[in-house]
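Since every read-out is calculated from the coordinates, none of them should be taken as a lab result. Worth saying up front: this structure is predicted, and the values here are computed from it rather than measured. Note that each Cβ is placed from the backbone with ideal geometry, even for glycine, and that neighbours are counted across all protein chains shown.
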Amino acid sequence: MVQGGEGEGLAWEAVIPVRLRGVEERPEPASRQHGNIRVLRVLTLPEDSVVGDEAADRARHRLEAKVDLLLFTLAGQNRSAIPRKRVCLFRDGLRMEVAESISTGSLMEVELWLTDEQPQPLCLSGVVTGGSSEGNDGIFLSFQELSEEESDLLERFIFQQHRRAVAAARRERHGDG
């Protein structure tokens, strides 16, 4: 986790599958918002399970495990050729490594697979507002035209990842991990 930078607030840093491409004109945001909202809702669902009938609960957990395995298998097949890059994701943009030279002001589309189980990428567009057009030090992509719901769900995802990282660090520090 990092704080601030060119983005604002908390950020999530990870090495994940990423596909980045330049575009000539702004994509239609409404066409992607539905898919992004669905992906982010699934990723930010509460992790607490409702206690119910024990037999039904066991059957539900078995079914969920089978679906998880299927999704993991499908997601792995779809992403095997997509390069993994270090990204730092903020509510308003992302910083990422790039191998090629990209000029400030360039309009880009990025596809992010935030978890291994995610079969569909998060698709965002933005403008390169930071970074060097001469080196491989990375860029900052400022997101454009995110709906309020997309932005809120993205912030919730980042916060959950921050909370998990803090909990893991505490477990490790206390010898539980």
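So here's what we get for this one:
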item	result
Cβ-based exposure ranking for 109, 25, in which fewest neighbours within 10 Å come first	25, 109
Radius 14 Å from Cβ of residue 37, net charge of other residues (Lys, Arg +1; Asp, Glu -1)	-2
Karplus (6.51, -1.76, 1.60) ³J(HN,Hα), θ = phi - 60°, over segment 149-163, in Hz, Gly and Pro reported as x	5, 4, 5, 5, 5, 5, 5, 5, 4, 4, 5, 4, 5, 4, 4
Sequence-distant residues sharing a close amide H with residue 140 (under 5 Å, placed H)	129, 130, 131
For segment 85-99, 3J(HN,Hα) per residue [Karplus equation, 6.51 cos²θ - 1.76 cosθ + 1.60, θ = phi - 60°, Hz, x = Gly/Pro]	9, 7, 10, 10, 9, 10, 4, 10, x, 8, 9, 8, 6, 9, 8
Proximal charge balance of residue 156 [Cβ under 10 Å; K/R count +1, D/E count -1]	0
